[in-house]
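See structure below.
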Amino acid sequence: MISTDVAIIGGGIVGLATAYQLNKALPQRRVVVLEKEAEVGLHQTGHNSGVLHSGIYYKPGSLKSTNCREGKKLMEAFCEAEGIAYEICGKVIVAIDEADLPALDRIYERGQANGVVCEVIGRERLAELEPHAAGIKAIHVPEAGIVDYKQVCRRLAERIREAGGQVLTSARATKIERKGDKVVITTAAGEVEASQVVNCAGLYSDRVTALGGQKPDAKIIPFRGEYFELKPEAEHLCKNLIYPVPDPAFPFLGVHFTRMIEGGVECGPNAVLAFGREGYRKTDFNLADMADTLSYAGFLKLAAKYWKTGLGEMWRSASKKAFVRALSRLVPEIRAEHLKPAPAGIRAQAVTPDGAMVDDFLIQEADRIVNVNNAPSPAATASLNIGKTIAERLVPRLS
């Protein structure tokens, strides 16, 4: 049995960042990260588009807003110190027509309230920044950027090990028991005994919360985000990052164009119900996951409320022509022949029993366990500050 002060379940970027910050805050304490896969950062972290988000979209004072703003600074400093490539390239959020303008104004107001460097620009300035983008007005966010979060994860794991911590892979947690003043986690790699546990299991965070004896406030519903990539001859159509004005009713940002730090331009995603928590392909189907989703009252209420929107997303998934039509609203020159399929991602979206999608980060604390039950985008950008916040909560428990 491995004995440690803190065990962190989940080796994505939030779990690794938490371990890293704990090592800094309490260097005398032992930390162990438990990752079910053979490598770290394979799921949500390894399938995102690598954007360093500015925090412009989020409600002022929310966990997303504060953690994104501070986390971005920490991420940039970490990448600078570690020699990890990143770029502050800027983005534009584009109003296609008059109907988008009220929402554009609200986003700008949030940006100002959150301290984001941004400005409203007209068509002429937009054409200078993104010559191929449509739109009558836009917000320019010069401080947005791009980075390789998979490389960040690998470097965090290195630093954790150098500080005396452990990162155990192929160590899926299957049981959590309280034994006196300790918590014992049974994993595929053996038992781990800890004084404190942090659940950063992402797609499985609600199930790990239940393993620990606490009822989660929301259930994870997996949404697949499907992407295309521009072929090299079409990459000139996007210089940096081009986003639409998002629908305020949803925590998704709409299909957009993202230049990637390793090269190329990604287009997407849509948002369709995945048929499994790891259902990255359209043909992937997990019966237990689907039964879990379809038997959940919260999902049924969500589906009843937004079924038209859901059908539209499914149509874009089934029809490349429909996907191209959505992309061409932002960049009219886009054609189907410009696109090649790219790997999909899964968003772990927390949904409450009344059918509401949880928009903010959700952290539930229990005796000896801290559960991170909702950490979607911008969690990667915010990860080092989320980790710092959790570390600060654990310091009194470990003192």
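None of the figures in this text is laboratory data; all of them are computed from the coordinates on show. Because the structure is a prediction, the values reported are computed rather than measured. Every residue, glycine among them, receives a Cβ derived from its backbone with ideal geometry; neighbour counts consider all protein chains shown.
Share of antiparallel DSSP beta bridges in the chain, in percent to the nearest 5?
Expressed as a percentage, antiparallel bridges in the chain total about 70.
Pop the C-beta distance of residue 354 and residue 128 into the FRET formula with R0 = 41 Å and round what comes out to the nearest 0.05.
Step by step, r from the Cβ atoms, then E = 0.35.
Taking the beta-carbon count within 10 Å as an exposure proxy, list 294, 237 from fewest neighbours to most.
Ascending Cβ contact count within 10 Å gives the list 294, 237.
Peptides 170-178, 323-331: what's the order by average Cβ count within 10 Å, highest mean first?
Taking the mean over residues of other Cβ atoms within 10 Å, the ranking is 323-331, 170-178.
For a quick check, take a GNM of the chain with Cα springs below 10 Å and name the residue from 259, 123, 347 with the largest mean-square fluctuation.
Taking springs between Cα atoms under 10 Å, the residue moving most is 123.
For n ≥ 4 DSSP H runs only, could you compute -39500 (n - 2.57) per run for the chain, divide by its residues and tell me the 222 nm figure to the nearest 500?
Calculated at 222 nm, the ellipticity per residue is -10500 deg cm²/dmol.
For the chain, take the longest principal axis of its alpha carbons; what is the angle in degrees between that and the long axis of helix 13-25, to the nearest 10 within 0 to 90?
50
Would you mind checking the tilt of helix 307-318 against the longest principal axis of the Cα atoms of the chain, expressed as 0 to 90 degrees and rounded to 10?
Long axis of 307-318 versus the principal axis of the chain: about 80 degrees.
Across the stretch 140-269, how large is the tail of the calculated P(r) beyond 21 Å, expressed as a percent of all Cα pairs?
The calculated P(r) of the stretch 140-269 puts 62 percent of pairs beyond 21 Å.
For the pair residue 288 and residue 162, how long in nm is the line joining their label points, each one 7 Å along Cα→Cβ?
It is 3.9 nm.
Calculate how steeply helix 101-113 sits against the longest principal axis of the alpha-carbon atoms of the chain, using the helix alpha-carbon long axis, and give the answer as 0 to 90 degrees to the nearest 10.
The answer is roughly 40 degrees.
Along Cα→Cβ, 7 Å out, is where each label goes; now give me the distance between the ones at residue 62 and residue 136 in nm to one decimal.
2.7
Name the shape class, rounded, prolate or oblate, that the alpha-carbon gyration tensor gives for the stretch 250-399, where a ≥ b ≥ c are the square roots of its eigenvalues, rounded holds for a/c under 1.5, and otherwise prolate holds if a/b is larger than b/c and oblate otherwise.
oblate
Compute the Cα gyration tensor for the stretch 91-142, then decide on rounded, prolate or oblate, letting a ≥ b ≥ c be the square roots of its eigenvalues: rounded whenever a/c is under 1.5, prolate when a/b is larger than b/c in the other cases, and oblate in all that remain.
It comes out oblate by the Cα gyration axes.
Seen from all sides and averaged, what is the projected area of the convex hull of the Cα atoms in the chain, in nm²?
Result: a mean projected hull area of 18.6 nm².
Using the count of nearby Cβ atoms within 10 Å as a rough guide to exposure, how do 79, 89 rank from fewest to most?
Least to most surrounded, the residues fall as 89, 79.
Distance cut-off 18 Å, Cα to Cα: go down the list 175/388; 231/282; 64/388; 91/321; 182/219 and report the pairs above it.
From 175/388; 231/282; 64/388; 91/321; 182/219, over 18 Å: 175/388; 231/282; 91/321; 182/219.
Would you mind ranking 360, 247, 289 so that the residue whose beta carbon has the fewest other beta carbons within 10 Å leads the list?
Going from sparsest to densest Cβ surroundings: 247, 360, 289.
Please tell me the relative contact order of the chain in percent, rounded to the nearest whole number, where contacts are Cα pairs under 8 Å and at least six residues apart.
25
Sorted by mean Cβ packing within 10 Å, highest first, what order do the peptides 56-66, 372-382 take?
Ranked from most to least packed, the peptides come out as 372-382, 56-66.
Ranking request for peptides 80-88, 11-19, 214-222: highest mean number of other beta-carbon atoms within 10 Å first, then the rest in descending order.
Highest-to-lowest ranking by the protection proxy: 11-19, 214-222, 80-88.
Find how much the distance from residue 109 to residue 179 grows on full extension, using 0.36 nm per residue of separation minus their present alpha carbon separation; answer in nm with one decimal.
Using 0.36 nm per residue and subtracting the Cα-Cα distance, I get 20.2 nm.
Show me, for the stretch 292-300, the HN-Hα J-couplings you get by feeding each phi into the Karplus relation (A = 6.51, B = -1.76, C = 1.60, θ = phi - 60°), rounded to Hz, glycine and proline as x.
Once θ is set to phi - 60°, the couplings for the stretch 292-300 become 4, 5, 6, 8, 8, 4, x, 5, 4 Hz.
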